[in-house]
Structures are given as C-alpha cells and as structure tokens.
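The values are calculated or read from the model by the stated rules, or taken from the named source; none is laboratory data. Computed from a predicted structure; not experimentally measured. Note: ideal-geometry Cβ built from the backbone for every residue, glycine included; neighbour counts use all protein chains shown.
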C-alpha cells in the first residue's frame with residue numbers, strides 16, 4: 001500500500017465522538033487526521049439539543065448541590081427494572097461511570113460552555129445529570145438556527161480546539177476501506193478515503209477511531225435488527241447528517257463483531273418516533289429547518305407542526321385508519337409498521353398520511369403551501385376527499401389509494417365525531433370532523449433516530465472481533481459502538497475521549 005498521507009491516529013467522522021477522540025489523541029501527543037464525508041463538521045450532534053449526560057459529581061452538579069458518584073451512575077445504568085439499562089454491557093457502563101466527571105472537565109477545558117441549569121431527563125438517572133450546551137453564536141453555522149440546536153455549541157467548540165491543537169480535519173473525505181495487515185493478530189494500518197473522485201490512502205501508525213454515527217440510514221443494515229424497517233422510513237438528521245453504517249461495515253470487513261443487538265428493538269427511547277412535522281420528508285420531533293437554514297434548499301419544506309392530533313386522522317398506504325392518533329407509544333409505532341393485509345409488500349408498513357381539512361388549517365394556523373410543505377410527493381390537496389386520494393403520489397407509495405376507501409374512512413371518522421366515541425381505535429372523544437374543503441394529505445411516516453447497537457468494543461473502546469479478541473489499533477465510539485444503549489451525547493463523548501487517549505498511547 002502506497003500512503004499519500006501519514007499520521008498517528010486517523011479518526012473517521014467529525015461528530016461528537018470523533019471530535020472528542022481527536023482532541024484527546026492530540027492531548028496525549030499523537031498526530032491526528034480526521035476525515036469527514038460531509039461539507040462541515042458536527043454530524044448528528046450539530047442538530048441535537050445539546051443535552052450532555054455526564055454526572056458523577058461534575059463541576060455543575062457540585063455547584064447546584066447535586067450529590068452523585070460513579071457508583072450511582074453505574075447502578076442506574078444497569079438497573080434491571082428499566083428497559084434502557086437492563087441490557088447494557090456492564091463493563092462499558094463501569095467505564096462510562098468512572099469517566100463521566102473527567103469528561104465533563106475535558107469539555108470545560110476545551111471551551112465548551114453550558115447553560116447553568118440542570119435538566120431532568122426520562123432516562124436511567126436518579127439525580128439530575130444533564131446540562132445543556134450553549135448554541136453556537138453564528139446563526140449561519142448552526143444548520144438549524146433559532147430552534148435550540150444547542151449541540152452546535154458543543155461540536156463547534158471541540159472542532160475549534162482540535163484545530164488549534166494541531167489536528168487536521170479533512171472535509172468531503174469519505175472513508176471507503178479500513179486496511180488491515182495479514183493474519184489474525186495483524187493490526188489495522190490505515191484507511192482509504194475518497195475525495196473529488198480520487199482515492200487517498202492514509203496511514204495510521206497507532207490507530208483508527210471509527211466515529212461514523214451509526215446505521216439508521218442504511219436500509220439493509222438496519223433490517224438485520226428489524227426486518228420491518230424498509231425504505232420508506234426516513235432518518236432524523238437528514239438532509240445534513242447521514243448514518244450509513246459505513247464504519248460498522250468497514251470494521252466487519254476486517255473481522256469486527258456486533259454487540260448487544262437486541263437493544264435496537266427493545267422498544268425504549270427514540271429509536272423510532274412518530275413524526276411531529278407533517279408534509280415534509282424529514283419531520284423528526286425536535287428538528288425543524290427554518291427558511292434561513294443554510295441547507296434549506298435540501299430540506300425543501302419546514303413541515304406543518306402538529307400540536308394536537310385531534311386535528312387530523314392518520315391513514316396507512318391503503319387509506320385506512322389503523323390506530324388512535326393521540327398515541328405516540330410503541331403500540332402506535334408497531335401499528336404503523338404493521339402489514340395490514342399487504343400481499344404485495346410484506347415487510348414495512350408503508351407510508352402514513354395525515355388527512356385534514358381547511359378548518360384544521362385555520363385552527364392550527366398552518367400555511368399549507370411551499371416552502372412550508374413539499375408538494376413533490378409529500379403533500380397534496382384537493383376539493384374532495386375522493387380527488388385527494390388520487391393526488392397522493394410518492395416513491396414509497398407502491399399503489400394508489402382508492403378514493404372510495406379514503407372517503408369511507410373519513411365518513412366513518414366523522415360519524416365518531418358526531419357520536420363522541422371512536423369505536424374502532426378508542427381515540428378519546430374525537431372533536432373535529434373532516435368536512436370543509438380544501439382537503440389535505442401530508443406525509444406523516446415514522447422517522448428513525450437512535451442507533452442503539454453497533455460494534456463490540458472493550459472498555460478502552462478497542463473493537464473486538466468475532467472470536468472475542470481485540471483488533472489491534474481499531475477503536476469505535478459514538479452511535480457506531482454497541483453495548484450501551486444511551487440516548488444522546490454522553491456516551492459519545494466519554495468513549496470518544498477514551499478511544500483517542502488509548503490510541504495515542506499505543507506503540508506504533
């Protein structure tokens with residue numbers, strides 16, 4: 001292999017985990033190159049709310065008199081009574097617990113600032129451990145400005161620190177291959193990346209850190225865990241941050257193993273969520289791209305934010321209701337992903353459509369036209385329900401919705417409004433008939449978020465092969481790492497920092 005570039009540590013991905021790894025490796029004396037396929041840094045963390053789950057008695061916990069310890073973190077995150085903690089790898093949780101407080105201090109030392117108010121979250125915490133970073137101060141560099149995308153302040157500060165300390169960040173460089181020597185005990189040697197259509201071989205004298213962000217955007221990969229997750233289910237973070245399982249697949253090509261795969265389908269947390277913004281392809285709960293977003297030309301629509309599901313009904317790909325619209329639990333998700341008698345497309349539940357009328361538009365103060373909705377397959381309107389069905393056309397809608405069926409569905413729902421009881425799905429006291437034209441159909445298909453499984457690692461974030469042995473020089477952190485099903489930024493930062501440190505301290 002002829003190397004075009006050479007360094008000590010190559011980090012694949014410039015999100016929260018990758019940037020923490022880069023700074024940590026530089027702090028321990030290693031030369032670092034970060035490759036990032038996107039045009040800018042940040043990954044999913046750039047679009048996050050900036051909630052950093054790091055306890056153990058950190059500086060802000062002490063300031064607010066919150067008593068915490070590594071032992072308490074460990075106890076919380078292996079609690080067998082909770083679905084988000086009972087399946088976790090106890091060794092990884094112990095490492096996380098012990099490294100929480102030092103990682104919080106690491107963030108402070110590298111310029112990250114926090115809103116000094118503890119946040120209580122629904123995850124496995126008996127005391128407040130979450131503090132929120134400040135949003136980055138330059139709106140044009142926030143990607144989703146003015147919508148509390150506070151994670152921008154985390155990744156911008158870490159990238160700023162990484163560059164200041166001498167790490168080299170190569171944007172628009174897509175990792176294509178991890179290169180490993182011959183033999184079962186051989187170490188990884190480097191990567192092949194692609195930029196401007198050309199391959200660039202980058203030597204890693206000490207190690208490689210995979211921080212590519214998970215697998216939710218890879219249909220084939222995610223279906224290993226849940227065969228229902230076919231192509232119609234879009235991914236939170238797009239069209240900015242893609243999770244294509246690149247790191248997992250490249251690592252598996254050199255022998256890596258997956259770990260704790262059942263956590264992906266344990267039906268806890270936001271692995272799959274009901275959409276909140278309809279009429280746009282990407283309508284994740286807390287992610288809203290306004291018109292001044294620097295990538296709005298890719299988003300194409302803000303979506304219409306639904307504050308009350310009494311305003312609409314949800315129908316499946318056949319034009320039929322399937323569940324109580326007010327429910328957002330995994331019972332709703334499972335109904336949405338149900339087969340519903342489809343004999344042509346057996347897996348996946350198909351598209352969901354929110355159906356509503358002009359009165360709902362007025363009550364919700366929606367603007368049902370571009371740029372608030374995307375008429376290119378994700379929004380339709382008509383003067384009659386029958387006509388509306390014929391205008392629902394989308395790449396994932398495999399067959400047209402029958403106008404007669406959709407009209408029957410609406411008529412039946414309207415009868416429930418009159419009677420005050422939904423005898424089909426027990427929606428509590430249906431309030432509003434769908435009766436005043438024009439009528440609307442808006443894309444409302446569930447959207448994927450968390451990757452809660454990935455590559456097996458040890459407590460040093462070293463990737464483990466299918467025989468249970470560490471692959472020398474290969475590391476993983478963030479959503480590509482399996483074994484610790486925690487939503488958010490905490491695990492990414494802790495294991496990114498661990499990976500960078502351990503890689504830097506390796507002998508070449």
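Quick look at the values:
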| item | result |
| --- | --- |
| Only listed residue being touching a residue at least 60 places away in the same chain (Cβ under 8 Å) and touching a helix residue (DSSP H, G or I) at 6+ places or on another chain (Cβ under 6 Å), chosen from 322, 386, 296 | 322 |
| All strands (runs of 3 or more DSSP E) inside the range 107-178 with 1 or more residues being without any contact (Cβ under 8 Å) to a residue 60 or more places away in the chain and farther than 22 Å from residue 293 by Cβ | 114-119 |
| Number of the exception - residue 416 against (1) in a helix (DSSP H, G or I); (2) closer than 30 Å to residue 298 by Cα; (3) free of Cβ contacts under 8 Å to residues at least 40 places away in the same chain | (2) |
| Those residues of the range 247-286 which are part of a helix (DSSP H, G or I) and within 28 Å of residue 444 (Cα to Cα), in sequence order | 261, 262, 263, 264, 265 |
| Residue 75, sole failed condition from (1) assigned to a helix (DSSP H, G or I); (2) crowded, with 19+ Cβ neighbours inside 10 Å | (2) |
| Number of the condition not met by residue 393 [criteria: (1) farther than 25 Å from residue 307 by Cβ; (2) more than 28 Å from the chain's Cα centre (by Cα)] | (2) |
| Residue in the range 355-372 that is free of Cβ contacts under 8 Å to residues at least 40 places away in the same chain and within 27 Å of residue 271 (Cα to Cα) present | no |
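Okay, residues lined up against (1) assigned by TED's automatic domain parsing to the domain that holds residue 167; (2) surrounded by fewer than 21 Cβ atoms within 10 Å (Cβ to Cβ); (3) out of contact with any helix residue (DSSP H, G or I) (no Cβ under 8 Å at 6 or more places or on another chain):
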site: 424; (1), (2), (3): no, yes, no
site: 440; (1), (2), (3): no, no, no
site: 443; (1), (2), (3): no, no, yes
site: 459; (1), (2), (3): yes, yes, no
site: 486; (1), (2), (3): yes, no, no
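For every residue, the table says whether it meets (1) surrounded by fewer than 24 Cβ atoms within 10 Å (Cβ to Cβ); (2) more than 20 Å from residue 164 (Cβ to Cβ); (3) in contact with a strand residue (DSSP E or B) (Cβ under 6 Å, 6 or more places away or on another chain); (4) outside the structural domain of residue 208 (by TED's automatic domain parsing).
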position	(1), (2), (3), (4)
16	no, no, no, no
20	no, no, no, no
31	yes, no, yes, no
54	no, yes, no, no
59	yes, yes, no, no
82	yes, yes, no, no
98	yes, yes, no, no
116	yes, yes, no, no
